[in-house]
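Engineer: This is the structure I have questions about; it appears just below.
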């Protein structure tokens with residue numbers, strides 16, 4: 001049935017001719033362009049010699065009052081007086097793309113809905129096929145980073161994420177954090193090999209390479225070698241979290257061995273409750289209440305070796321917490337190493353070797369206290385995206401979806 005009201009459209013250079021409701025309750029709006037020129041497809045000049053109308057085209061637009069909306073337009077055609085044979089060209093409007101069924105506004109709405117969502121969900125919400133939603137994503141989201149969007153990179157972060165369960169099928173994800181603190185995804189590489197990472201880093205435009213001041217990584221020699229070769233002026237910063245994992249794991253191994261030794265000489269009813277003490281020993285001393293501290297002291301009376309290791313572990317954490325600069329930290333770490341050697345403990349030997357091998361990269365942390373914290377946080381976003389999509393093992397699609405989740409809220413707020 002005809003509708004007499006004229007609905008306003010937020011479309012440039014468009015006049016509404018008529019509206020009607022189709023039998024399936026879809027709202028059809030007939031429009032025409034108010035522009036009186038077109039661009040010749042052959043010579044590129046602006047032409048204004050009207051030739052006629054093209055066949056009607058129906059485009060999917062944003063819904064109104066819960067109804068689907070179709071816009072019907074007959075594109076104007078103009079004849080070029082400058083080209084031989086007088087070819088005709090169809091007028092192009094800015095609010096839709098030729099040979100694409102939806103308007104640009106509808107496609108932008110689909111992309112907005114897709115932020116922190118899934119293709120299947122948006123397919124159901126918008127009554128679109130899964131392939132149609134994927135086509136909109138592929139049309140508007142590039143498969144690789146657009147370097148023209150950046151003026152400076154400042155800090156890079158490199159880490160790997162397993163696409164499938166187990167310790168295999170790794171992809172390397174490269175992130176950036178600019179001087180304003182905004183994070184960006186730069187690449188999802190198909191593997192974490194040094195050659196692959198180095199090739200990408202070398203592809204960064206030279207003006208942007210000069211703005212990279214540091215690269216945060218875990219203790220992976222492949223990443224360190226790739227950064228040293230491609231970005232020789234950037235500082236490599238080993239994340240403090242990965243350093244702490246190593247020396248705390250060394251203490252944990254000693255705790256397990258000492259508790260087993262003590263319990264081996266005791267009857268089961270007098271065994272040390274290792275399961276209850278384990279979480280207490282992993283915490284720092286000030287965070288324990290008086291009763292918890294008393295239980296830890298009782299264990300230390302049985303094994304002075306473990307007590308010495310606990311003190312050394314606490315001292316090392318204090319060095320990372322309170323050293324004001326690189327030079328002070330280097331001196332304190334050297335003194336700590338000497339204390340370990342004097343104590344006769346062997347549990348920290350492997351960590352001391354790591355400390356010597358990665359000394360410069362670990363000490364770079366104390367120049368500004370930069371860490372891979374932003375990388376770990378973004379990796380959690382990536383893992384959540386994989387779970388939400390029931391597995392997403394294509395690096396290109398993973399990059400597109402990450403780009404939408406991270407850049408989308410900044411683009412559409």
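The values are calculated or read from the model by the stated rules, or taken from the named source; none is laboratory data. In this text, all values refer to a predicted model and were calculated from it rather than measured experimentally. Reconstructed Cβ throughout: ideal geometry from the backbone, glycine too, with neighbour counts over all protein chains shown.
Engineer: Just name the residue that is nearest to residue 27 (Cα to Cα) out of those in the range 77-88 that are surrounded by 13 or more Cβ atoms within 10 Å (Cβ to Cβ) and touching a strand residue (DSSP E or B) at 6+ places or on another chain (Cβ under 6 Å).
Structural biologist: Residue satisfying both the conditions and the ranking: 77.
Engineer: Among the numbered conditions (1) out of contact with any strand residue (DSSP E or B) (no Cβ under 8 Å at 6 or more places or on another chain); (2) touching a residue at least 24 places away in the same chain (Cβ under 8 Å); (3) surrounded by 14 or more Cβ atoms within 10 Å (Cβ to Cβ); (4) under 24 Å from residue 382 (Cβ atoms), tell me where residue 136 comes up short.
Structural biologist: Here residue 136 clears every test but (1).
Engineer: Can we say residue 404 is farther than 24 Å from residue 236 by Cβ, surrounded by 17 or more Cβ atoms within 10 Å (Cβ to Cβ), modelled with pLDDT of 90 or more and not assigned by TED's automatic domain parsing to the domain that holds residue 181? Working first, answer last.
Structural biologist: Values: farther than 24 Å from residue 236 by Cβ: yes; surrounded by 17 or more Cβ atoms within 10 Å (Cβ to Cβ): yes; modelled with pLDDT of 90 or more: yes; not assigned by TED's automatic domain parsing to the domain that holds residue 181: no.
When the stated conditions are applied, residue 404 does not pass them.
Engineer: Here are some conditions: (1) modelled with pLDDT under 90; (2) under 17 Å from residue 181 (Cα atoms); (3) under 16 Å from the mean Cα position of the chain (by Cα). Residue 387 meets all but one. Which one does it not meet?
Structural biologist: Residue 387 satisfies all of (1) modelled with pLDDT under 90; (2) under 17 Å from residue 181 (Cα atoms); (3) under 16 Å from the mean Cα position of the chain (by Cα) except (2).
Engineer: Take the range 25-43 and flag every residue that is exposed (fewer than 15 other Cβ atoms within 10 Å of the Cβ) and in a strand (DSSP E or B).
Structural biologist: If the condition is that a residue be exposed (fewer than 15 other Cβ atoms within 10 Å of the Cβ) and in a strand (DSSP E or B), then no residue fits.
Engineer: Looking only at helices (runs of 4 or more DSSP H) that lie completely in the range 124-215, which have at least 1 residues being over 23 Å from residue 110 (Cβ atoms)? Walk me through it before giving the result.
Structural biologist: Values: elements: 130-140, 194-202, 206-209.
In the range 124-215, 194-202, 206-209 are the helices (runs of 4 or more DSSP H) which contain 1 or more residues that are over 23 Å from residue 110 (Cβ atoms).
Engineer: Check the range 216-227 and report whether any residue there is over 29 Å from residue 279 (Cα atoms), assigned to a strand (DSSP E or B) and touching a strand residue (DSSP E or B) at 6+ places or on another chain (Cβ under 9 Å).
Structural biologist: Narrowing the range 216-227 to residues over 29 Å from residue 279 (Cα atoms): 216, 221-227.
Checking which are assigned to a strand (DSSP E or B) leaves us with 216.
Okay, now just the ones that are also touching a strand residue (DSSP E or B) at 6+ places or on another chain (Cβ under 9 Å), so 216.
Checked the range 216-227: at least one residue is over 29 Å from residue 279 (Cα atoms), assigned to a strand (DSSP E or B) and touching a strand residue (DSSP E or B) at 6+ places or on another chain (Cβ under 9 Å).
Engineer: Within the group 244, 206, 230, 265, which residue is over 21 Å from residue 345 (Cα atoms) and either in contact with a helix residue (DSSP H, G or I) (Cβ under 8 Å, 6 or more places away or on another chain) or buried (at least 18 other Cβ atoms within 10 Å of the Cβ) (or both)? Show your work before the answer.
Structural biologist: Details: 244 fails: over 21 Å from residue 345 (Cα atoms); 206 fails: either in contact with a helix residue (DSSP H, G or I) (Cβ under 8 Å, 6 or more places away or on another chain) or buried (at least 18 other Cβ atoms within 10 Å of the Cβ) (or both); 265 fails: either in contact with a helix residue (DSSP H, G or I) (Cβ under 8 Å, 6 or more places away or on another chain) or buried (at least 18 other Cβ atoms within 10 Å of the Cβ) (or both).
Going through 244, 206, 230, 265 in turn, the sole match is 230.
Engineer: Consider the range 178-199. How many of its residues are under 17 Å from the mean Cα position of the chain (by Cα) and crowded, with 19+ Cβ neighbours inside 10 Å?
Structural biologist: Qualifying residue count for the region: 8.
Engineer: Quick one: is residue 279 part of a helix (DSSP H, G or I) and out of contact with any strand residue (DSSP E or B) (no Cβ under 7 Å at 6 or more places or on another chain)? Can you show your working first?
Structural biologist: Values: part of a helix (DSSP H, G or I): yes; out of contact with any strand residue (DSSP E or B) (no Cβ under 7 Å at 6 or more places or on another chain): yes.
Spelling it out, residue 279 is indeed part of a helix (DSSP H, G or I) and out of contact with any strand residue (DSSP E or B) (no Cβ under 7 Å at 6 or more places or on another chain).
Engineer: Does residue 376 meet the test of being under 30 Å from residue 308 (Cα atoms), touching a residue at least 60 places away in the same chain (Cβ under 8 Å) and in contact with a strand residue (DSSP E or B) (Cβ under 8 Å, 6 or more places away or on another chain)?
Structural biologist: So residue 376 fails the test.
Engineer: Further question: Looking at (1) within 45 Å of the chain's Cα centre (by Cα); (2) outside any loop (DSSP other than H, G, I, E, B), which is the one condition that is false for residue 92?
Structural biologist: Just one mismatch for residue 92, condition (2).
Engineer: I've got another one for you. In the range 231-265, which residues are without any contact (Cβ under 8 Å) to a residue 12 or more places away in the chain and under 21 Å from residue 366 (Cβ atoms)?
Structural biologist: Once the filter is applied, which keeps residues that are without any contact (Cβ under 8 Å) to a residue 12 or more places away in the chain and under 21 Å from residue 366 (Cβ atoms), the range 231-265 yields only 245.
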